[in-house]
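Please read the structure below before turning to the comments.
The values are calculated or read from the model by the stated rules, or taken from the named source; none is laboratory data. This is a predicted model, so every value here is computed, not measured. So basically every Cβ, Gly included, is an ideal-geometry build from the backbone, and we count neighbours across all protein chains shown. Quick note on the areas: whole protein, heavy atoms, side chains included, nothing else; ligands and nucleic acids left out. Shrake-Rupley method; radii C 1.70, N 1.55, O 1.52, S 1.80 Å.
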Amino acid sequence: MQQIYIRVDSELDNDCLGLGPFITLNVDPVPTANAVADLELCDDLADGDGFNGVVQSFDLDTQTAGILGSQNPANFTVTYHLSSDEALTGNNAITSTSAYENIVPNQQTIYVRILNNTTGCFSSQTSFDLI
């Protein structure tokens, strides 16, 4: 928090007509996005092919606690995205986070957005891979 001082001068005779702390600037911190390990699964024939490296059911929600670290989960919303741009804008969050099926064979990057529910500040500075 910082006070911003304003000075008002007269255009007629350059007299000071007012001076004081009329604006309070509040800067809220962005959430901390902790790095987490990649999620790894073996191709288990769930799609009929045990060698293509796709259609595995990953539980993205298992990453949430590690991403938030010591931050109170009740104060934040963590969403997962397929691109860094989507994480930045908050668009197109993955909806099936408890049973996400990868769409890229062998290694797919998941991008994370953490939103502070009170301030609206967010971080989209972390990601992890599905292997």
What number comes out for the charge environment of LEU19, summing +1 per Lys or Arg and -1 per Asp or Glu over other residues with Cβ under 10 Å away?
0
Options (i) 1.32; (ii) 1.06; (iii) 0.96 - which one matches Rg/Rh (Cα atoms, Kirkwood Rh) as calculated here
(i)
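Round to a whole number: what % of the accessible area of the chain belongs to carbon and sulfur, probe 1.4 Å?
On the way: 4330 of 8280 Å².
For the chain, the apolar C and S fraction of the accessible surface comes to 52 percent.
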May I ask for the distance between the Cα centers of the stretch 32-101 and the stretch 1-31, given as a whole number of Å?
46
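Local charge sum around ILE131 (other residues, Cβ-Cβ under 9 Å, Lys/Arg +1, Asp/Glu -1)?
Values: positive: none; negative: ASP38, GLU40, ASP129.
Net charge around ILE131: -3.
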